[in-house]
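Structure record follows, encoded as C-alpha cells.
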Amino acid sequence: MMFINHRTGCSKEIESIIERQNENGGKFWSREDGNIHAPNGFSTIDCLNVLGELGADINDYPVLSQAFDFVLKYQLKDGFFKYSKSSSKLPCITARILSSFSRLSVHNDLRLVKSYKALLEAQWNDGGWRCATVKIGKSFLTDASNPGTTLHVLDAFRFRKNTKKDISQLNKGIDFLLQHWDIRQPIGPCGFGMGTRFFQLEYPFLRYNLFYYVYILSFYKSSMRSKNFQKAYQLLAEKTNNGKIIPDNPHRAWRKYNFAKKGKVSELGTTRWEEIINNCNNKLD
C-alpha cells in the first residue's frame, strides 16, 4: 500500500510546527504534565501526524527522531500506548501513534511489531475496534465498535506489509465501517456518528469525517466491491471544486496554515484527493 510523501513545498510549514514544539509546556508538543493527547488538535500525536502529512521524514529532521524515542516511552509491555502516566491503554491512541510513525517513515521499526499485534488481538466481535472503558450490555449502539477508532486502525495498517490473516481481519474492520454508512447514528462508547460535521470537508486528517473515511478505505481493495464506498466516493467528488479540495471545516488548531485554511484551496488536501482517484483506478484494473 503506497503513500505519496511530498517533501517539496512544505518545508516552511514543517519548520514552523517544529519551532512550536514547546508551546504546550512539555517536550515535543506534549503538555507540561506529560500528556501527549492534549490539547485537542495540537498535541504530540496530532503534530506528528500532520508533520508526516506534510512530508517530514524522521531521517531529515533530528528533532523527529528524538520525538519518536520520547513517544516510545509511553509504550507498554503488551504493545499498547498510553497517552499519560494515569491514562488507560486505548486502541485509538495506539493506532494514531502508529499512523503518525508510519507517516514519518518508521513503521518498520521492530519495537512496533508488538503494537500492531496488540491491535489485531483487540479486534471487537463486530469487526471493528473500540475502547474497553465502557462495559457492554447497555444497547446495540453503545456496544458496537467505534468507527473513528476503526478508521485510525486501518490508517495505521495501510503502511504495513500485512499477512493474509491480517488482511482477513482488516477486511472485517472495513465491512464494519461500510455498514456505518447505512446506520449513520452515533455508535460505540464514544458515539461516532455521521452528522453534519462528518460531511463537511476537513483537512488535515485528525477526526472522523467523509474525506478521511474515503481516503483510508481507498487503500483497501475490498472496499471497491462496496456500493457504500462508491456512494461515499461520489459524494466526496461532488464536494470538490473543479477537482480541488477546499476545506470548510478545518480544525481550528491548523487554520492559519495554507493547507488548512477555511474556504481556500488546500493543495496538499487536493493531492490526497488525487491519490484517492489513483487508488480507485488501480484497484479496479
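Quick note: the coordinates plus some simple rules give every number you see, no bench work behind them. Note that this is a predicted model, so its numbers are computed, not measured. Quick reminder, even Gly has a Cβ in these numbers, built from the backbone with ideal geometry, and neighbours come from all protein chains shown.
Structure summary
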quantity	calculated
Residues whose placed amide H lies under 5 Å from that of Ile187, excluding near-sequence neighbours	Phe192, Gly193
Sorted by Cβ density within 10 Å, fewest first, the residues Leu235, Leu90	Leu235, Leu90
Globularity index of segment 195-285, i.e. its alpha-carbon radius of gyration over 2.2 N^0.38 Å	1.04
Candidates Ser84, Ser16, Ser30, ranked by Gaussian network fluctuation over the chain, Cα under 10 Å, top entry	Ser16
Footprinting exposure proxy for Ser65, Ser105 (fewest neighbouring C-beta atoms within 10 Å first)	Ser65, Ser105
Fewest-first ranking of Tyr83, Tyr61, Tyr220, using other Cβ atoms within 10 Å as the exposure measure	Tyr61, Tyr220, Tyr83
Full-extension gain in nm, Lys164 to Lys231, via 0.36 nm per residue minus C-alpha separation	21.4 nm
Cross-link pairs beyond the 31 Å C-alpha cut-off, checked among Lys89/Lys256; Lys117/Lys264; Lys227/Lys256; Lys27/Lys256; Lys165/Lys283; Lys172/Lys239	Lys89/Lys256; Lys117/Lys264; Lys227/Lys256
Residues whose placed amide H lies under 5 Å from that of Phe81, excluding near-sequence neighbours	Leu76, Leu90, Thr94
Length gained when the stretch Arg255-Lys27 is fully extended (0.36 nm per residue, less Cα-Cα span)	79.8 nm
Separation in nanometres of the label points that stand 7 Å from Cα toward Cβ, at Asp57 and Leu76	3.5
The chain - Rg (one decimal) and Dmax (whole number), Cα, Å	17.8, 51
Largest-first principal axis extents, alpha carbons of segment 54-199, Å	47, 34, 31
